[in-house]
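A.B. asks: Got a structure for you, questions after.
The values are calculated or read from the model by the stated rules, or taken from the named source; none is laboratory data. Note that the coordinates shown come from a computational prediction; the quantities given were computed from them, not determined experimentally. Here Cβ is always computed from backbone atoms with ideal geometry, including for glycine, and neighbour counts include all displayed protein chains. Surface areas here come from the heavy atoms of the whole protein model, side chains and all, with no ligands, DNA or RNA. Shrake-Rupley method; radii C 1.70, N 1.55, O 1.52, S 1.80 Å.
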There are 2 protein chains.
Amino acid sequence: MYGNAGKILRVNLTKSKVNVETLKEGFVREYIGGNGFATKILCDELSPETPPLSPGNKIVFAVGPLSGTRIPMCSRYVVVAKSPLTNIWGEGDAGGFWGTELKWAGFDAIVVEGSSEKPVYLWISNGKAEICDAKDLWGMDSYETEKALRNELGSKVKVACIGQAGENLVKIASIMNDGGRTAAHSGLGAVMGSKKLKAIATKGDIDVEVFNEEEVKELTKQMLKELLAHPLIQYLSRWGVAGDSLESNLLRQNLPLKNWSQVNWSLESAQLMGSRRMEEKFSVTRKACYGCPIGCAKIVKVESGPFAMQEQGRGPEYETLAALGSLCLNDDIDAVCKANDLCNRYGLDTIATGTLIAFIMECLEKEILSKQDIGTTLEWGNGEAVVELVRMIGTRKGIGNTLAEGVSTAAVTIGRGASEFAMHVKGSPIPMHDPRIDPVRALNYATVSVGANHGKLVPGKNESDDLTPSQIALRTVSQQTWSEVVDCLVMCRFAFFFGGVVLSREFYVPKLLSAVTGQPFTEQKLFELGNRLFDMKQFFNTKQGVGREHDRLPTRFTKIPRVLGEEKYNVDLTPSLAEYYKIRRWSEEGVPSSQGKN
Amino acid sequence: MYGNAGKILRVNLTKSKVNVETLKEGFVREYIGGNGFATKILCDELSPETPPLSPGNKIVFAVGPLSGTRIPMCSRYVVVAKSPLTNIWGEGDAGGFWGTELKWAGFDAIVVEGSSEKPVYLWISNGKAEICDAKDLWGMDSYETEKALRNELGSKVKVACIGQAGENLVKIASIMNDGGRTAAHSGLGAVMGSKKLKAIATKGDIDVEVFNEEEVKELTKQMLKELLAHPLIQYLSRWGVAGDSLESNLLRQNLPLKNWSQVNWSLESAQLMGSRRMEEKFSVTRKACYGCPIGCAKIVKVESGPFAMQEQGRGPEYETLAALGSLCLNDDIDAVCKANDLCNRYGLDTIATGTLIAFIMECLEKEILSKQDIGTTLEWGNGEAVVELVRMIGTRKGIGNTLAEGVSTAAVTIGRGASEFAMHVKGSPIPMHDPRIDPVRALNYATVSVGANHGKLVPGKNESDDLTPSQIALRTVSQQTWSEVVDCLVMCRFAFFFGGVVLSREFYVPKLLSAVTGQPFTEQKLFELGNRLFDMKQFFNTKQGVGREHDRLPTRFTKIPRVLGEEKYNVDLTPSLAEYYKIRRWSEEGVPSSQGKN
């Protein structure tokens, strides 16, 4: 067998059947793993017109050739399906332990088709799988579900599952694993919900063999040494993704405020939000994904007061602090921790949730809706309202039922000009990094296959007003393409922080792949694969009617400037988008020259 | 009389005479005040060939039209003379209360000529001045001098003075005022020392009248509102110029390390250095200059241990934390506070001092000098050595006597290749912001009239690898020129943080000047003046043999790259320098087309 690839588990929930498929050598050689496998399978098997919550949609989970090895920062899995939130390509990924365990159980990918009539979960162990009754799990939150399955199947079992939001087909529902790790993007939790698939539990003891054990050992040693010596990694390790506080983001004009309508906040508020404040108020511990020397996750518990958490859980990261905090002008760290905890339990994308809350607060401020319409007070900065809205969205109560459709659809339903301040691209909410100060981020938000997204880019340092349109386009293409490659391995992008300032992706990615699989890899070949995968997703989207006119940012970004010193940030995408289309060799309608051939 | 200008005090120490001169209206109209006055006077009266420590050198102190008014952030004074450190244009400026008091005493400028045989001080009050015996003050440090003069002359008297370093003609000696405020650059403390001028004490009650009281009131109100609402100002107010810690500077690759030979440090070390750590360890209070709502100064005291301070004093700012800290790989905050305190007392430029210490540490590491040569152990990171070296430099003891000549001369004296790592431009030490990540800073270091300097630029956000040579040159000229203008008022550059992100200089500078003086001011006219002043200083320097070949950075910056992500920082100044000369209309030899006419 080529490299260390395992098998594919195919599950048909309509027929209640599981089947183990062998990976073809050509397929493995060409698509590497993770994102490559998942994308190839979905593109081959799913008609882009399929309604996302219909049994016809498929959801594919995949890990990569480095998964389960000793190589650090390779714990992640990728999940793809047609997105119920955006109706185009849907994709998420998450760290933790579940992906590694899936590999140890002998599988590189799971393809779930059809849908069950009654709630089920999938139990995968050591090369086998069965579909089990999940009646007792249905209605549980994600933490309860994990616990229940461990009680049932053994304490070392790893679980990916949905909370109530996925069950309720909330279109921003996430897939949760390992106590708060989350594949949050694209509402794929609702796809699991529509299939009545509550969870996938997995356990395995199958050794992952690598081609050149000595070289893997050597590369691992070198990686760890470089990683741990780097101040950016030390920072991440010390403060987590939440960072010290929101102060530095505020100061460099990166922080979203008041549904992106405001550009300044008080320093004091920004200082109240972050790991330092959490450490002052709560007991905070660190948690790492499998094989990671950094340990960027913070485990917290609000002990008392109106926002007390029932037990400790994964604390908010930067995106969450901003989405449930500054975006709503909320500087109550207890409220953010509580709202974040509820999102983790219900299984909700915190970026999408915060975007909805800020949106509805603005509806009330603009008197598009009244307090009576909403059933609660929602003024900016009200931490209780933030928490209450999370509950309403997770359970589709009151206005939460409208919001559960996502900000784009909710704005259309509410009408009266609300779409003007629904902050999304192609239905996907704007991440918490201001596109006005970074033209590469801006162009990525506008063009990436899943709609606005912060993960699908291995970022460089692009906060500048001096890039030419062609430089902006070239960087965007390069960073998007590298992201596709890294997601094939599947590696954490923090390993390649700031486009390679920590580890060199050009050095490590081919070397690691070769050492593990025994096959030659060149940077160029990998880049070609990344481009091909990107084009396959784009072609999928064009079949759903997505064209160049959809590659745009909300008009708010062009109307409200964000200026730092002499920099006049330009969010006019027209020139860089033209260059981008040329570089990608897409037609005027956005159709890749490959015509989706892969 | 035009505007609110006062008089010039002319002091001849050889003749022991003082004379009060009236300001000519044309002079005031054309040169505004502060930097304008001082530059015009020195250029008119001083032959560039004059040896800096000879009686022929003149030293000019000046304040501006806004000094002494209610307008915030206008407490600063400017001081110019030929520099004993660099042998070219010398200039410093400082905040506090002394400048304001000078204005209230009725003077816009003091010109000191000649030199006294015995130590003297100048006592200026309400339009009068006398030269007084300073025998008892000679040998005192700056804090003791201030105290003694207040005991003598009254508790509200303000004092600018030199410590022992200035007396000892240490060529990096600073002028100190108001308990740790310092005009540190260019070694002008040694000029005072050479004239046996220990101090200038001043006290005044003369009201500063402004042309349009109502408008000044209105503008002040508006400024204060904008200032206090801005997070950058709130940050400055909260943490001081020291900042929270050196963490963010480390992370953005701005921090100098190991005499600029290293680019990474441990995050933990960086976190140990800054106001947060000082607050944890010491009692820290805030102190503001006259009329400043920010209060960026921190007053600290190391209570005990080997680095205990005898009394509380002004704490280290960013430049000092870096110079006496990271540049020497020293992360002992107590040692930095103590070394800083000694610098303040002796009257030493901390940037220059840190540069010398790092330089001599490298001499030892490279075995160019031995422990025996130096008389102490000096390994990197040794806090005790840092403190000890400060004492040796301030008092010219041992190797301190060689170092007291400044890093450029000391390197020549030591020989054996030491000049390779003497980090200066034209004899002036490199400030603590890495020129490798900011091409505008780099070009400014190379071209500004006083040699490498961080203050003589109103900075923008230029950390980018994408500026064209012409953009780099244009920005440098613009930011240097604005600095000349702001120094005429004399305003604190924190008011115009990041090239106008806080307050707009284009809006406020002309408006404030007009409201105070009753004369019309346009942005263009001010910019022309700024350029003229810059050219006058340049012409002065060319007369001293400075030419284009001196506009360069130490080769270390081109040999050791500093790279962040995809950015490859370019410190090849050749293309931007060529553009710069064109824009400034300087000849190939650096001679301004004005030929020094002013």
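Results for (1) assigned to a loop (DSSP other than H, G, I, E, B); (2) more than 12 Å from residue B:290 (Cα to Cα); (3) open to solvent by 10 Å² or more (accessible area, probe 1.4 Å), shown as yes or no for each residue.
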site	(1), (2), (3)
B:44	no, yes, yes
B:51	yes, yes, yes
B:54	yes, yes, yes
B:57	yes, yes, no
B:60	no, yes, no
B:65	yes, yes, no
B:72	yes, no, no
B:75	yes, no, no
B:79	no, yes, no
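A.B. asks: Still on this structure, I have one more. Residue A:5 is checked against (1) assigned to a loop (DSSP other than H, G, I, E, B); (2) open to solvent by less than 40 Å² (accessible area, probe 1.4 Å); (3) over 22 Å from residue A:518 (Cα atoms) and fails just one. What number does that condition carry?
C.D. replies: Just one mismatch for residue A:5, condition (3).
A.B. asks: Which of the following residues is of a type in the set (Asp, Glu) and farther than 22 Å from residue A:449 by Cα: A:45, A:91, A:25?
C.D. replies: Step by step, each of A:45, A:91, A:25 is checked, and only A:25 is of a type in the set (Asp, Glu) and farther than 22 Å from residue A:449 by Cα.
A.B. asks: For segment A:117-150, give me each residue that is in a loop (DSSP other than H, G, I, E, B) and touching a helix residue (DSSP H, G or I) at 6+ places or on another chain (Cβ under 9 Å).
C.D. replies: A:119, A:126, A:134, A:136, A:137, A:138, A:139, A:140, A:141 - these are the residues of segment A:117-150 that are in a loop (DSSP other than H, G, I, E, B) and touching a helix residue (DSSP H, G or I) at 6+ places or on another chain (Cβ under 9 Å).
A.B. asks: Considering only helices (runs of 4 or more DSSP H) fully contained in segment A:178-291, which possess at least 2 residues that are among the hydroxyl-bearing types (Ser, Thr, Tyr) and at negative phi?
C.D. replies: Counting at least 2 such residues, we get A:231-239.
A.B. asks: For segment A:535-564, what are the residues that are within 14 Å of another protein chain (Cβ to nearest Cβ) and open to solvent by 10 Å² or more (accessible area, probe 1.4 Å)?
C.D. replies: Answer for segment A:535-564, where residues must be within 14 Å of another protein chain (Cβ to nearest Cβ) and open to solvent by 10 Å² or more (accessible area, probe 1.4 Å): A:561, A:563.
A.B. asks: Of A:399, A:437, which residue is touching a helix residue (DSSP H, G or I) at 6+ places or on another chain (Cβ under 7 Å) and either modelled with pLDDT under 95 or open to solvent by 10 Å² or more (accessible area, probe 1.4 Å) (or both)?
C.D. replies: Working: A:437 fails: touching a helix residue (DSSP H, G or I) at 6+ places or on another chain (Cβ under 7 Å).
Just a single option satisfies the conditions, and that option is A:399.
A.B. asks: Could you grab me the full set of residues in segment B:232-285 that are within 30 Å of residue B:503 (Cα to Cα), among the hydrophobic types (A, V, I, L, M, F, W, C) and within 8 Å of another protein chain (Cβ to nearest Cβ)?
C.D. replies: Once the filter is applied, which keeps residues that are within 30 Å of residue B:503 (Cα to Cα), among the hydrophobic types (A, V, I, L, M, F, W, C) and within 8 Å of another protein chain (Cβ to nearest Cβ), segment B:232-285 yields B:232, B:250, B:251.
A.B. asks: Residue check: is residue A:225 without any contact (Cβ under 8 Å) to a residue 24 or more places away in the chain and of a type in the set (D, E, K, R)? Before you say what the answer is, go through the steps one by one.
C.D. replies: Working: without any contact (Cβ under 8 Å) to a residue 24 or more places away in the chain: yes; of a type in the set (D, E, K, R): yes.
Spelling it out, residue A:225 is indeed without any contact (Cβ under 8 Å) to a residue 24 or more places away in the chain and of a type in the set (D, E, K, R).
For every residue, the table says whether it meets (1) under 21 Å from residue A:386 (Cα atoms); (2) buried (at least 21 other Cβ atoms within 10 Å of the Cβ).
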position	(1), (2)
A:220	no, no
A:225	no, no
A:237	no, no
A:241	no, no
A:246	yes, yes
A:253	no, yes
A:257	yes, yes
A:260	yes, yes
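A.B. asks: Could you check residue B:281 against (1) under 18 Å from residue B:354 (Cβ atoms); (2) more than 24 Å from the chain's Cα centre (by Cα); (3) surrounded by fewer than 20 Cβ atoms within 10 Å (Cβ to Cβ) and say which number it fails?
C.D. replies: Every listed condition holds for residue B:281 apart from (1).
A.B. asks: Could we say that residue B:394 is assigned to a loop (DSSP other than H, G, I, E, B) and either within 27 Å of residue B:253 (Cα to Cα) or at pLDDT 95 or above (or both) here?
C.D. replies: When the stated conditions are applied, residue B:394 does not pass them.
A.B. asks: Same structure, new question: Scan B:402, B:395 and give me the residue that is under 15 Å from residue B:342 (Cα atoms) and polar (S, T, N, Q).
C.D. replies: Result of the check over B:402, B:395: B:395.
A.B. asks: Let me ask something else. I'd like the full set of residues that are open to solvent by 50 Å² or more (accessible area, probe 1.4 Å) and at positive phi, limited to segment B:350-390.
C.D. replies: Hits for segment B:350-390 are B:367, B:375.
A.B. asks: With the checklist (1) modelled with pLDDT of 90 or more; (2) assigned to a loop (DSSP other than H, G, I, E, B); (3) open to solvent by less than 10 Å² (accessible area, probe 1.4 Å) in hand, flag the one item residue A:503 doesn't pass.
C.D. replies: Just one mismatch for residue A:503, condition (1).
A.B. asks: Continuing with the same structure: For segment B:98-115, name all the residues that are over 17 Å from residue B:209 (Cα atoms) and either assigned to a strand (DSSP E or B) or open to solvent by less than 20 Å² (accessible area, probe 1.4 Å) (or both).
C.D. replies: B:98, B:109, B:110, B:111, B:112, B:113, B:114
A.B. asks: Still on this structure: Report whether or not residue B:135 is modelled with pLDDT of 95 or more and either in contact with a Gly (Cβ under 9 Å, 6 or more places away or on another chain) or assigned by TED's automatic domain parsing to the domain that holds residue B:407 (or both).
C.D. replies: It is false that residue B:135 is modelled with pLDDT of 95 or more and either in contact with a Gly (Cβ under 9 Å, 6 or more places away or on another chain) or assigned by TED's automatic domain parsing to the domain that holds residue B:407 (or both).
A.B. asks: Just a yes or no: is a residue in segment A:321-342 under 30 Å from residue A:227 (Cα atoms), without any contact (Cβ under 8 Å) to a residue 40 or more places away in the chain and open to solvent by 40 Å² or more (accessible area, probe 1.4 Å)?
C.D. replies: No: zero hits.
Quick grid of which residues meet (1) open to solvent by 10 Å² or more (accessible area, probe 1.4 Å); (2) of a type in the set (Asp, Glu); (3) at pLDDT below 95; (4) outside any loop (DSSP other than H, G, I, E, B):
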residue	(1), (2), (3), (4)
A:478	yes, no, yes, yes
A:488	no, no, no, yes
A:496	no, no, yes, yes
A:512	no, no, no, yes
A:520	yes, no, yes, no
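A.B. asks: Hey, does segment A:528-551 have a residue that's modelled with pLDDT under 90, farther than 19 Å from residue A:65 by Cβ and not aromatic (Phe, Trp, Tyr)?
C.D. replies: Looking only at segment A:528-551, we keep the residues that are modelled with pLDDT under 90, and these are none.
Among the residues of segment A:528-551, not one is modelled with pLDDT under 90, farther than 19 Å from residue A:65 by Cβ and not aromatic (Phe, Trp, Tyr), which makes the answer no.
A.B. asks: Can I ask one more? Of the conditions (1) open to solvent by less than 40 Å² (accessible area, probe 1.4 Å); (2) at pLDDT 95 or above; (3) within 22 Å of the chain's Cα centre (by Cα), residue B:290 satisfies every one except a single condition; which number is it?
C.D. replies: (1)
A.B. asks: Going residue by residue through segment B:186-202, is there one that turns out to be touching a strand residue (DSSP E or B) at 6+ places or on another chain (Cβ under 8 Å) and surrounded by fewer than 20 Cβ atoms within 10 Å (Cβ to Cβ)? Even if it seems obvious, please write down each step before you answer.
C.D. replies: The first filter runs over segment B:186-202 and keeps only residues touching a strand residue (DSSP E or B) at 6+ places or on another chain (Cβ under 8 Å), leaving B:186-193, B:195-202.
Imposing the further condition that a residue be surrounded by fewer than 20 Cβ atoms within 10 Å (Cβ to Cβ) reduces the set to B:196.
Yes: one or more hits.
A.B. asks: A further question follows. Tally the residues that are of a type in the set (Gly, Ala, Ser) and at positive phi, restricting the search to segment B:98-137.
C.D. replies: The qualifying residues number 3.
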